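Participant: A single structure is presented below for examination.
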Amino acid sequence: KQEVTQIPAALSVPEGENLVLNCSFTDSAIYNLQWFRQDPGKGLTSLLLIQSSQREQTSGRLNASLDKSSGRSTLYIAASQPGDSATYLCAGGEGRRALTFGSGTRLQVQP
Amino acid sequence: EAGVVQSPRYKIIEKKQPVAFWCNPISGHNTLYWYLQNLGQGPELLIRYENEEAVDDSQLPKDRFSAERLKGVDSTLKIQPAELGDSAVYLCASSSGQSGPDEQYFGPGTRLTVT
């Protein structure tokens, strides 16, 4: 059974700092890896999806990487802004099957 | 294009009462998921539909939870009777179900409080 772990559970950084969020998974037979953002009291917003055949995906200031052999994914946020404050969740997928989520990293970017 | 729609957004009920949640997926999406999210945790699957067929309901507590997706479009999740431990956010998601990366898109969720 796939297990997903996210470290750290919480992170506070000053505005403008570059940061890395970590995600590890136990089953390397992962089909895709999806990163989400969740604002308080809201649903999940998909940020990036990396297919198993890919190594990374980029969208604006966000870059996500996937290393199946080591069971790790990272989300890199460049030049962080207060508006980036949210909980970031990673999830491993197996095709159309349900995603297995980590517990999230709660990010606070201080002005 | 409209996203995944859920209603109600919030629901407060007393224990032992019934409750129902509704979800309308993105148009054309064949796969529909219901997830449960407890505070401080990631979502966990309750049930997955391919069109109108429930293909994975292994995590659904069938003694009190039921779901349906008539005509393979919108879906309803029901709890009867509700227990205090059912207080959580119920999220609906959909994906195209076609070949490819199969990205999942989530609705805003229904926050249930059982008193």
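Here, each number is a calculation from the coordinates, and none is a lab measurement. Quick caveat: nothing in here was measured; it's all calculated off a predicted structure. Here Cβ is always computed from backbone atoms with ideal geometry, including for glycine, and neighbour counts include all displayed protein chains.
Participant: Taking every DSSP beta bridge that has both residues in chain A, what percent is antiparallel when rounded to the nearest 5?
Facilitator: Given both bridge residues lie in chain A, the antiparallel proportion sits at roughly 90 percent.
Participant: Also, I was wondering about something else. Once label points are set 7 Å from the Cα along Cα→Cβ at both B:Ala2 and B:Arg111, what is their separation, rounded to one decimal in nm?
Facilitator: About 2.4 nm separates the two model spin labels.
Participant: Same structure again: Tell me the GluC sites (Glu not before Pro) within the range A:1-77 that lie in a loop according to DSSP and have at most 14 other beta-carbon atoms within 10 Å.
Facilitator: A:Glu3, A:Glu15, A:Glu17
Participant: Do any trypsin sites (Lys or Arg not before Pro) in the range B:35-115 lie in a DSSP loop with no more than 15 other beta carbon atoms within 10 Å, and if so, which? Present the calculation step by step, with values, prior to reporting the outcome.
Facilitator: On the way: sites: B:Arg48, B:Lys62, B:Arg64, B:Arg69, B:Lys71, B:Lys78, B:Arg111; in loops: B:Lys62, B:Arg64, B:Arg69.
Sparse-neighbourhood loop trypsin sites (Lys or Arg not before Pro): B:Lys62, B:Arg64.
Participant: Per residue, how big is the convex hull of chain B when only Cα atoms are used? Give it in Å³.
Facilitator: About 100 Å³ per residue, rounded to a whole number.
Participant: Nearest-5 percent of antiparallel DSSP beta bridges in the protein assembly as shown?
Facilitator: Expressed as a percentage, antiparallel bridges in the protein assembly as shown total about 90.
Participant: Provide the percentage of antiparallel DSSP beta bridges, counting only those with both residues in chain B; round to the nearest 5.
Facilitator: Taking every DSSP beta bridge with both residues in chain B, the antiparallel ones total about 90 percent.
Participant: Under a plain spin-label model, where a point goes 7 Å from the Cα along Cα-to-Cβ, how far apart in nm are B:Glu53 and A:Asn18?
Facilitator: Inter-label distance under the simple model: 4.9 nm.
Participant: Looking at chain B, how many pairs of lysines come closer than 20 Å at the Cα, when each pair is eight or more places apart or spans two chains?
Facilitator: 6
Participant: Return the FRET efficiency for the residue pair B:Lys11, A:Ala9: r is the Cβ-Cβ distance, R0 is 45 Å, and the value is rounded to the nearest 0.05.
Facilitator: 0.95
Participant: Below 8 Å, C-alpha to C-alpha, sequence gap of six or more: please give me the relative contact order for chain B in percent.
Facilitator: 37 percent
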